[in-house]
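Trainee: Sharing a structure here in structure tokens format.
The values are calculated or read from the model by the stated rules, or taken from the named source; none is laboratory data. These numbers come from a predicted model, not from an experiment. Using ideal geometry, Cβ is built from the backbone for each residue, glycine included, and neighbour counts are taken over all protein chains shown.
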Amino acid sequence: MLAYILIVVAAYLLGSIPTGYLVARAKGIDIRKVGSGNIGATNAMRVLGKPAGITVLLVDALKGYAAVAWLCPVVIELSGRPDTEIETLRIIAGIAAVLGHNYTCWLKFKGGKGVATNGGAYLALAPLAVGIALAAFILAVLLTRYVSIGSIAAAIALPVAVWWLPEHNLFLGLVTTALGAMAVYKHKSNIKRLMAGTESRIGKKPEIQEATK
């Protein structure tokens, strides 16, 4: 039980690092009050520019990957748990990291949408499924020029790929489905803007304005 508690706490705290907020703060901007108000990479890229947005994207993805690939072996070694439990711990670490990103304790439990952190975690858990989800993201963005549609497409494609690929177990399939549903739910404001025709497209110069509620 100690190993599970340690991995949940450590992975949550790692995932809870509010990368977008910190990068924006370094530039004197509260990213929660501009653009869409989200602390994720897409809003960071629109508000702060491509270099900052790419930095946020990579660090957010690294949080998920590190929680699964690096924290778990350390916890297994420290706790003396058998290696047979590492796959379950890896999945739990991924969940905790995504929840940390989405509901960070440092910003009153308001965070990002979890797409990058989820992708980083699954790069360690199910790399082929991530490749399929990435292809869905790229295709959707190329066809629509909406990053939000690409993110939603990836959130749907990832669990479909995990269920379809034979090497993954039932627990991972159920967890991936739940995380995918959470990612789609976190895009509810984007979905409303898409339906209203006010969502920003790639290539359209954004205006720095008060965050959309």
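Trainee: Can you find even one residue in region 22-36 that is at pLDDT 95 or above, closer than 23 Å to T176 by Cβ and in contact with a Phe, Trp or Tyr (Cβ under 8 Å, 6 or more places away or on another chain)?
Mentor: No: region 22-36 contains no residue that is at pLDDT 95 or above, closer than 23 Å to T176 by Cβ and in contact with a Phe, Trp or Tyr (Cβ under 8 Å, 6 or more places away or on another chain).
Trainee: May I pose another question? Name the one entry in G112, G120 that is part of a loop (DSSP other than H, G, I, E, B), buried (at least 22 other Cβ atoms within 10 Å of the Cβ) and among the small types (G, A, S). Please lay out each step first, then the result.
Mentor: On the way: G120 fails: part of a loop (DSSP other than H, G, I, E, B).
On inspection, the qualifying residue turns out to be G112.
Trainee: Same structure, new question: Going through region 36-95 one residue at a time, which ones are under 17 Å from the mean Cα position of the chain (by Cα), among the basic types (K, R) and closer than 28 Å to A26 by Cα?
Mentor: Answer for region 36-95, where residues must be under 17 Å from the mean Cα position of the chain (by Cα), among the basic types (K, R) and closer than 28 Å to A26 by Cα: just K63.
Trainee: All but one of (1) out of contact with any helix residue (DSSP H, G or I) (no Cβ under 9 Å at 6 or more places or on another chain); (2) within 21 Å of A181 (Cα to Cα); (3) not charged (D, E, K, R) hold for G49; which doesn't?
Mentor: Every condition holds for G49 apart from (2).
Trainee: Quick one: would you say G131 is farther than 13 Å from A67 by Cα, surrounded by fewer than 18 Cβ atoms within 10 Å (Cβ to Cβ) and small (G, A, S)?
Mentor: Yes: the conditions hold for G131.
Trainee: Give the number of residues within region 164-188 that are touching a residue at least 12 places away in the same chain (Cβ under 8 Å), surrounded by 13 or more Cβ atoms within 10 Å (Cβ to Cβ) and more than 27 Å from N43 (Cβ to Cβ).
Mentor: 4
Table: residues versus (1) of a type in the set (V, I, T); (2) closer than 21 Å to L142 by Cα; (3) out of contact with any strand residue (DSSP E or B) (no Cβ under 6 Å at 6 or more places or on another chain).
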{"residue": "A153", "(1), (2), (3)": "no, yes, yes"}
{"residue": "I156", "(1), (2), (3)": "yes, yes, yes"}
{"residue": "W163", "(1), (2), (3)": "no, no, yes"}
{"residue": "E167", "(1), (2), (3)": "no, no, yes"}
{"residue": "L172", "(1), (2), (3)": "no, no, yes"}
{"residue": "T176", "(1), (2), (3)": "yes, no, yes"}
{"residue": "L179", "(1), (2), (3)": "no, no, yes"}
{"residue": "H187", "(1), (2), (3)": "no, yes, yes"}
{"residue": "I191", "(1), (2), (3)": "yes, yes, yes"}
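Trainee: All but one of (1) assigned to a helix (DSSP H, G or I); (2) on the phi > 0 side of the Ramachandran plot; (3) not polar (S, T, N, Q) hold for V184; state the number of the condition that does not hold.
Mentor: (2) is the only condition that V184 fails.
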